[in-house]
Amino acid sequence: MSILVVGATGTLGRQIVRNALDEGFDVKCLVRNFQKAAFLREWGAQLVQANICGPKSLPPCFDDVTAVIDAATARPQDSVYDVDWDGKVNLIKAALDANVERYVFISILNCEQYPHVPLMDVKHCTEKFLEESGINYTILRPCGFLQGLVGQYAVPILEKQAIWVMGEAAPIAYMNTQDIARFAVRSLKLPETNKRSFPLAGTRAWGGYELVRLCERLSGETAKVSTMSLGLLRGVRSFANFFQWGWQFADRLAFAEVSAGSAPLDAEMDEVYSTFGLDKSEITTVEEYLGEYFNRILKKLKELNFESNRESKKKLPF
């Protein structure tokens, strides 16, 4: 089976490429820039250049392709509506024309509950478009990526900078992108995942202050915590909406409101594990992921400090 991975240079997309290659699939990566995607070619993937916002560029990408895994999403400088709606419609139509056997779409958990949040609304509309298109699809709906916790919590505490926490934020069941990639690639081999949607939640949901305390324990540092209220967030979003330059910024602030509800972003996973033939014990926990990160970084810092001290001693006149 030959897979076309869309969004292959992203945090999740690159893990999908790596996993698919390890599983023996022929992998094509739809990319906009060959230079930025050179590492994918080094792994063994084939690069095809196209832009999902330009429908005429898409048909050649589907030569000999039997399945698509779509992990693409708009970059900060891009319009959500251009990329995550118009672009995805172009992509699904091109997949239909190419008679691909399966289309795996990475959505977001509970996207149908937030029609006022542009990205969530677009994800939900894309799900409906897939369901009505007639294509064989699988929809995966993760809650959040473990990788995002490094920049939000781990790096600030090591750099002694403030960690921003939403005061009313709901706990989120983060999952490692490597685990999400395993679900995505495995779904291609399982007929029972066809024309179905599955939540992807980590081993448990974590609140912001729980994550701060975990990072403090793992790093041995005391965090500086700054709290942002939902009211302030909405005020900034309303202000940004007054100006055309602020529209995309406001749309992304709206997404932050998703995690500000009272209900945890979590889901029951027993049936999902059973369907995919995976065990919960195989899924990376937050403690494992952040523990490994801090161990690696703190070890590196100690090595750098040791080298610095040794060089200083060499320069002493005695």
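Between VAL100, GLY87, MET120, whose Cα lies farthest towards the positive end of the dipole of the stretch 52-167 when Lys and Arg beta carbons carry +1 and Asp and Glu beta carbons carry -1, centred on the Cα centre? Going by the charge dipole, the pick is MET120. Proximity of backbone amide H atoms, modeled 1.01 Å from N, is registered between THR285 and no other residue at under 5 Å, excluding neighbours fewer than 5 places apart on the same chain. Between GLN152 and LYS56, the C-beta separation translates, for a Förster distance of 41 Å, into a calculated FRET efficiency of about 0.55.
In plain terms, the chain from ARG217 to GLU287 could stretch by 24.1 nm, reckoned as 0.36 nm per residue minus the Cα-Cα distance. Net charge in the neighbourhood of SER281 (other residues with Cβ under 15 Å of its Cβ; Lys, Arg +1, Asp, Glu -1) is -3. Counting only protein chain heavy atoms and rolling a 1.4 Å probe, the accessible areas of ASP63, ASP84 rank, largest first, as ASP63, ASP84.
Overall form of the stretch 1-67: oblate. Here a/c, set by the Cα gyration tensor axes a ≥ b ≥ c, is 1.5 or more, and a/b is not larger than b/c. Of SER133, SER187, the residue with the largest accessible area leads and the full order is SER133, SER187 (1.4 Å probe). The label point for TYR273 and the one for VAL89, both projected 7 Å from the Cα toward the Cβ, are 4.1 nm apart.
The values are calculated or read from the model by the stated rules, or taken from the named source; none is laboratory data. Owing to the predicted nature of the structure, the values given are computational and were not obtained by experimental measurement. No Cβ is skipped: glycine too gets one built from the backbone with ideal geometry, and neighbour counts run over all protein chains shown. Calculation scope for accessible area: heavy atoms of the full protein, side chains included, ligands and nucleic acids excluded. Shrake-Rupley method; radii C 1.70, N 1.55, O 1.52, S 1.80 Å.
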